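So the structure is just underneath, and the comments pick up after that.
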Amino acid sequence: TLFLQMLFDFDFKKKFTRVFIRYYGRFMRTILRLHDKKEIPTRMVDISVQLFSNSLLTVQMIREEALLSTLFRNIMALVEEQGEPGADSSHAHITLNCEHAIWTKRTYWPITNDLVNILSHRAVVS
């Protein structure tokens, strides 16, 4: 498609990646609301694989757009979405409900896929 062809233009790819990261939380909230729609997370991953496959761009987005913080913030949002407060309310403990749709329908997989892709770059982990 035209969009994927435009990703070969590095300036476009960099600008689009910034926007993608800034809207990442909204994408995940949409996936949570529509967890029965498999094509939405699949399309999100199709795009993010293209964006985060470039090591230089990925490192730049970690530094300038807090990419890793964005991913971890969204992982925590998933946990909080399905969690139940622990018995001791004075601490920030959450009990995971392993039967929740987030886990049974694998709603989390776009984030974990992105995290694995990002951490596969030597420049990110060194």
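Among the lysines, which have Cα under 20 Å from the Cα of K37 when same-chain residues fewer than 8 positions away are ignored?
Output for K37: K105.
What part of the accessible area of the chain, given as a whole %, is carbon or sulfur when the probe is 1.4 angstrom? Each step should come with its number before you reach the end.
Values: 4600 of 8100 Å².
Carbon-and-sulfur percentage of accessible area, whole number: 57.
Calculate how steeply helix 109-119 sits against the longest principal axis of the alpha-carbon atoms of the chain, using the helix alpha-carbon long axis, and give the answer as 0 to 90 degrees to the nearest 10.
Taking Cα atoms only, the helix is inclined about 50 degrees.
Please list 3J(HN,Hα) in residue order for segment 28-33, calculated via the Karplus relation 6.51 cos²θ - 1.76 cosθ + 1.60 where θ = phi - 60°; whole Hz, with x for glycine and proline.
3J(HN,Hα) across segment 28-33, in whole Hz: 5, 4, 5, 4, 4, 5.
Please report, in whole Å, how far the alpha carbons of segment 1-52 spread along each principal axis, starting with the longest.
Taking max minus min along each principal axis of the Cα atoms, segment 1-52 gives 34, 22, 15 Å.
Show the residues, 5+ positions off or on another chain, whose built amide H is closer than 5 Å to the amide H of K105.
For K105, no residues qualify.
With label points built 7 Å along Cα→Cβ from the Cα atoms of R43 and D11, find their separation and express it in nm.
Here the answer is 2.8 nm between the modelled labels.
Hey, what's the chain come to in accessible area per residue, 1.4 Å probe, Å²?
Numbers: 8100 Å² over 126 residues.
Heavy-atom SASA per residue in the chain reads 64 Å².
Can you list the HN-Hα couplings for segment 40-51, worked out from phi with the Karplus curve (6.51, -1.76, 1.60; θ = phi - 60°), rounded to whole Hz and with x for Gly and Pro?
Going residue by residue, I get 5, x, 5, 5, 4, 5, 4, 6, 5, 4, 5, 6 Hz, with x marking Gly and Pro.
Using just the alpha carbons, could you tell me how many Å³ per residue the convex hull of the chain encloses?
118
For segment 25-68, what are the per-bin percents of Cα-Cα distances with bins 10 Å wide, up to the bin holding the maximum?
Per 10 Å bin, starting at 0, the Cα pair percentages come out as 26, 42, 27, 5.
The values are calculated or read from the model by the stated rules, or taken from the named source; none is laboratory data. This is a predicted model, so every value here is computed, not measured. For neighbour counting, all protein chains shown are included, and Cβ atoms are generated from backbone atoms with ideal geometry for every residue, glycine included. Accessible surface is based on the protein model in full, side chains and every heavy atom, while ligands, DNA and RNA are left aside. Shrake-Rupley method; radii C 1.70, N 1.55, O 1.52, S 1.80 Å.
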